[in-house]
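> First the structure, which I've put down as structure tokens, then a few questions once you've had a look.
The values are calculated or read from the model by the stated rules, or taken from the named source; none is laboratory data. In this text, all values refer to a predicted model and were calculated from it rather than measured experimentally. In this analysis, Cβ positions are derived from the backbone assuming ideal geometry, glycine residues included, and neighbour counts consider all displayed protein chains.
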Amino acid sequence: MSAFRVQRRYQGPVKAIVLDWAGTTVDFGSRAPVLAVMEAFRRADVPVTLEQARGPMGMAKRDHLRVMLEMPEVAQRWQQAYGRPPSPSDIDRLYTQFLPLQKEILATNSQVIPGCVKAVEECRSRGIAIGSSTGYTQELMDVIVPLVRAQGYNPDAIVCASDVSPGRPAPWMCFENARRLGVYPMQAIVKVDDTTVGIEAGLNAGMWTVGISRSGNLVGLSEDELRKLSPQDQAQRVEAAAAELYRCGAHFVADTIAELPQILREINDQLRRGLCP
């Protein structure tokens with residue numbers, strides 16, 4: 001008796017999307033998380049660089065701080081400041097200091113990214129459910145959600161880092177979105193994220209993935225900061241971000257979420273042809 005099985009292929013349309021928050025739907029340049037992280041380390045007398053603060057972006061925020069403390073240069077600075085290597089209790093204290101800073105910064109850095117509301121409305125008009133996942137905890141989302149709802153963005157599901165553990169790049173937040181939305185199979189869902197760990201989470205869940213370059217963490221500039229650069233410099237930064245997202249496995253990359261409806265049409269075409277993510 002043969003053990004060979006025919007692989008089931010979903011050939012229907014996209015049923016749901018799972019959107020990231022900072023850098024994808026709100027906070028152009030994903031500025032709020034990095035500003036809070038850098039300030040928390042500064043107050044601990046262990047200054048970090050912008051690149052170090054952005055490195056683990058997309059992870060649950062406590063994990064983000066832990067990974068930073070594991071960086072050789074950051075660990076060395078901690079050793080110099082305190083005469084010992086960082087410990088789990090130091091992570092706890094740093095995280096406790098980080099939370100109020102993040103709340104304060106979120107209050108002024110939660111503008112919906114241009115084109116987001118229109119793109120989401122178009123998705124809804126096609127019968128697509130709107131999920132979301134974030135490295136923020138529920139406590140932090142309680143600050144953001146009323147602000148973005150007032151701007152017209154209101155996803156059907158919000159899964160936080162505090163809801164499912166471990167966070168990205170594990171697939172659990174993607175699966176929890178699917179459960180809450182009542183959507184399956186995973187080939188019918190698209191993960192949209194501006195971080196590499198977010199793309200990896202989608203891939204680990206068996207989903208289509210769309211990276212966000214221009215408005216996301218890998219470029220890391222606000223609209224005003226980006227606008228002040230020369231067209232050549234802008235293009236180079238966006239292209240480098242896109243290349244990094246493709247390297248980690250993204251099926252598609254968009255400048256911003258405004259381009260998502262067209263990409264979903266392309267994914268529908270591939271699904272109809274029997275292609276799987």
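> Across the stretch 39-79, which residue is surrounded by the fewest Cβ atoms within 10 Å (Cβ to Cβ) among those that are of a type in the set (G, A, S) and more than 24 Å from the chain's Cα centre (by Cα)?
Step one: filter the stretch 39-79 for residues of a type in the set (G, A, S), giving 40, 44, 53, 55, 58, 60, 75.
The next check asks that each one be more than 24 Å from the chain's Cα centre (by Cα); those that pass are 44, 75.
Details: A44: 19, A75: 15.
Top of the filtered list is A75.
Condition check ((1) of a type in the set (K, R); (2) in contact with a strand residue (DSSP E or B) (Cβ under 7 Å, 6 or more places away or on another chain); (3) part of a helix (DSSP H, G or I); (4) at pLDDT 95 or above) across all residues:
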| site | (1), (2), (3), (4) |
| --- | --- |
| K191 | yes, yes, no, yes |
| L203 | no, yes, yes, yes |
| V253 | no, yes, no, yes |
| A258 | no, no, yes, yes |
| L264 | no, yes, yes, yes |
| I267 | no, yes, yes, yes |
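> Closer than 20 Å to V18 by Cβ and of a type in the set (D, E) - does that describe any residue in the stretch 248-258? Steps first, answer last, please.
Here is the first cut: in the stretch 248-258, the ones closer than 20 Å to V18 by Cβ are 248-258.
Still in the running and of a type in the set (D, E): 255.
Scanning the stretch 248-258, I find at least one residue that is closer than 20 Å to V18 by Cβ and of a type in the set (D, E), so the answer is yes.
> For the stretch 134-166, name all the residues that are in a loop (DSSP other than H, G, I, E, B) and farther than 17 Å from R180 by Cα. Write out each step before concluding.
Filtering the stretch 134-166 down to residues in a loop (DSSP other than H, G, I, E, B) leaves 134-137, 150-158, 160-166.
The answer is G135, Y136, T137, A150, Q151, G152, Y153, P166.
> Take the residues in the stretch 240-250 that are farther than 16 Å from V197 by Cβ and touching a residue at least 12 places away in the same chain (Cβ under 8 Å), then tell me which one is surrounded by the most Cβ atoms within 10 Å (Cβ to Cβ).
Taking the stretch 240-250 as the starting set, the residues that turn out to be farther than 16 Å from V197 by Cβ are 240, 242-243.
Imposing the further condition that a residue be touching a residue at least 12 places away in the same chain (Cβ under 8 Å) reduces the set to 240, 242.
Numbers: A240: 13, A242: 22.
Per the stated criteria, the residue is A242.
> All but one of (1) touching a helix residue (DSSP H, G or I) at 6+ places or on another chain (Cβ under 9 Å); (2) free of Cβ contacts under 8 Å to residues at least 60 places away in the same chain; (3) assigned to a helix (DSSP H, G or I) hold for A178; state the number of the condition that does not hold.
(2)
> Search the stretch 81-92 for residues that are hydrophobic (A, V, I, L, M, F, W, C) and pair each with any residue that is at pLDDT below 90 when their beta-carbon atoms are under 7 Å apart and the residues are at least 6 apart or on different chains.
Partner pairs satisfying both residue conditions: I91/R62.
> Does the stretch 206-224 hold any residues that are surrounded by fewer than 22 Cβ atoms within 10 Å (Cβ to Cβ) and without any contact (Cβ under 8 Å) to a residue 60 or more places away in the chain, and which are they?
D224, the sole residue that qualifies.
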